[in-house]
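Step one of this worksheet: look at the structure below.
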Amino acid sequence: MIDATSFATSLQQAVDGRMLVHPRACEAYAIAGCTPKLVLSPASVEEASRTAQLIADEGESLVVRGAGTKSWRPPVPEAVFAVLDMTRCEGIVAHEPGDLTVTVRAGTKLAHLQSALSRHGQFLPCDAPFASHATIGGMLAAATSGSLTLRFGGIRDNTLGMRVALSDGTVAYSGSKVVKSVAGYDAYKLFIGSLGTLGVIGEATLKVAPLAAEDGLLAARFRSHRDAAGAAIDLARSNLFVWSASLHDGASTKRIDAIPAVASPNDWLLLVRCGGSPATVRRQIGGSARICKARGALELFEAPAREVGSIWAQVAELAGGAAYPVRDFVVAKFSTLPTASAELIDALLVAWPAAEIVAHPALGVAFAHAPVDRSSFDAARLSALWSSLKHREFNAAFLSAPPGISRGFTVPITAPIELQRRLKHALDPRGTFDPGRGAAGL
């Protein structure tokens with residue numbers, strides 16, 4: 001084990017002394033409760049690349065960090081030598097309003113990007129949680145998109161190109177800076193959802209969308225999540241092109257201001273967001289109301305247009321977001337076929353009856369926020385959950401959990417592991433980036 005202090009000094013010299021080192025702030029950058037020995041803050045992807053190479057040469061490990069919103073995901077690392085804090089690598093590199101594209105550095109906050117784009121009547125169509133401080137690089141690494149995926153596609157679909165730093169000191173570029181391009185392979189998409197286990201995302205070119213002239217939001221109360229999920233799928237199949245459909249149980253509904261609480265804690269609320277011209281929004285609201293009524297909606301409520309933005313900001317935080325403190329909740333995300341969304345929710349309610357459920361049925365995605373003091377996470381309970389889902393195509397991931405109970409968490413692996421292993425070896429042959437915390441412990 002090398003001495004962190006002396007290594008930090010030599011590292012600063014190697015990158016011309018511009019990179020910041022935080023020798024006394026390591027605890028604030030803990031990963032799942034594990035404090036690193038060194039925290040480094042590069043200002044560019046080139047500095048990040050040189051840093052990763054030097055740490056790899058020493059045989060040490062490196063964890064890439066943005067705002068730290070995913071720092072509590074299981075499994076807990078055995079040890080962390082260095083954390084690469086990417087928040088100094090920030091700013092908009094180029095914005096082409098006419099082409100609906102923007103190139104941005106990884107440490108740029110989503111809120112800052114949205115503010116800059118709004119001055120040109122545009123936005124990044126992504127309603128990720130932790131929106132006030134989440135970084136673009138962190139969103140890409142975690143493949144965080146939100147319910148707007150229904151209308152605009154996910155963050156993977158809206159990424160055109162990327163600059164990444166590898167552990168051998170290479171700064172690689174893949175993709176394009178324009179929407180219509182067939183040049184090369186989409187190799188950059190390998191890093192989306194990799195959780196920083198393959199390399200450092202330094203810069204990305206993204207597609208943006210025009211802001212709607214008017215926003216609309218329809219809330220429909222259902223007695224059953226099956227009826228509500230069916231309505232969401234019907235909306236996705238229709239020609240209404242609504243922006244999103246988010247499903248909430250009674251407990252999570254109480255966390256949304258300006259939305260009437262459901263009459264019974266067993267009721268479910270489907271929130272349908274619409275956007276476009278005033279005529280388009282009226283057509284979407286009317287069509288959505290008819291579809292919900294046909295599926296048995298007990299009550300309908302239309303939010304005032306001026307409140308839609310603030311309401312949806314709260315809705316976005318409920319799907320694996322900041323509304324659930326990590327010390328008090330275990331947060332898990334599940335994906336399946338949209339037609340199996342109701343069965344997925346059934347299984348989650350059996351496993352964790354006290355969990356607050358937020359789902360995007362038309363996308364086949366559900367989040368369970370299980371309170372630690374009223375839920376069980378032992379091996380038998382998890383095994384029963386996986387068994388109940390095994391006849392369905394599904395993926396699962398724990399997004400956050402208190403370290404004291406997460407060490408035994410295991411998730412079935414449905415991806416081809418040998419391919420993942422070869423990919424990890426090709427891009428990070430020395431296992432520098434967050435070893436043991438990727439898919440199947442890679």
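The values are calculated or read from the model by the stated rules, or taken from the named source; none is laboratory data. In this text, all values refer to a predicted model and were calculated from it rather than measured experimentally. Cβ: placed from backbone, ideal geometry, glycine included. Neighbour counts: every protein chain shown. What goes into the accessible areas is simple: the full protein's heavy atoms, side chains included, and nothing from ligands, DNA or RNA. Shrake-Rupley method; radii C 1.70, N 1.55, O 1.52, S 1.80 Å.
Just a few scattered comments:
- Selected residue (criterion: modelled with the lowest pLDDT) from residues of the stretch 243-289 that are under 23 Å from residue 366 (Cα atoms) and β-branched (Val, Ile, Thr): 262
- Exclusive hit being open to solvent by 40 Å² or more (accessible area, probe 1.4 Å) and either modelled with pLDDT under 90 or not in a loop (DSSP other than H, G, I, E, B) (or both), set 52, 28: 28
- Test: residue in the stretch 421-439 that is aromatic (Phe, Trp, Tyr), modelled with pLDDT of 85 or more, open to solvent by less than 80 Å² (accessible area, probe 1.4 Å) and within 28 Å of residue 63 (Cβ to Cβ): yes
- Restricting the search to helices (runs of 4 or more DSSP H) fully inside the stretch 215-306 and requiring at least 2 residues that are open to solvent by 40 Å² or more (accessible area, probe 1.4 Å) and out of contact with any His (no Cβ under 9 Å at 6 or more places or on another chain) gives 225-237, 278-294.
- Leading residue by the ranking (farthest from the chain's Cα centre (by Cα)) among those in the stretch 222-278 that are hydroxyl-bearing (Ser, Thr, Tyr) and under 17 Å from residue 319 (Cβ atoms): 253
- Scan of the stretch 96-121 for residues that are over 27 Å from residue 68 (Cβ atoms) and not β-branched (Val, Ile, Thr), ordered by number: 96, 97, 98, 99, 100, 119, 120, 121
- Residue tally, condition part of a loop (DSSP other than H, G, I, E, B), closer than 25 Å to residue 377 by Cα and of a type outside the set (A, V, I, L, M), over the stretch 392-442: 14
- With respect to the conditions (1) closer than 29 Å to residue 361 by Cβ; (2) not assigned by TED's automatic domain parsing to the domain that holds residue 286, residue 185 lacks only one, and its number is (1).
- Within the stretch 65-117, being under 15 Å from residue 135 (Cβ atoms), open to solvent by 50 Å² or more (accessible area, probe 1.4 Å) and assigned to a loop (DSSP other than H, G, I, E, B) holds for 70, 87, 88, 90.
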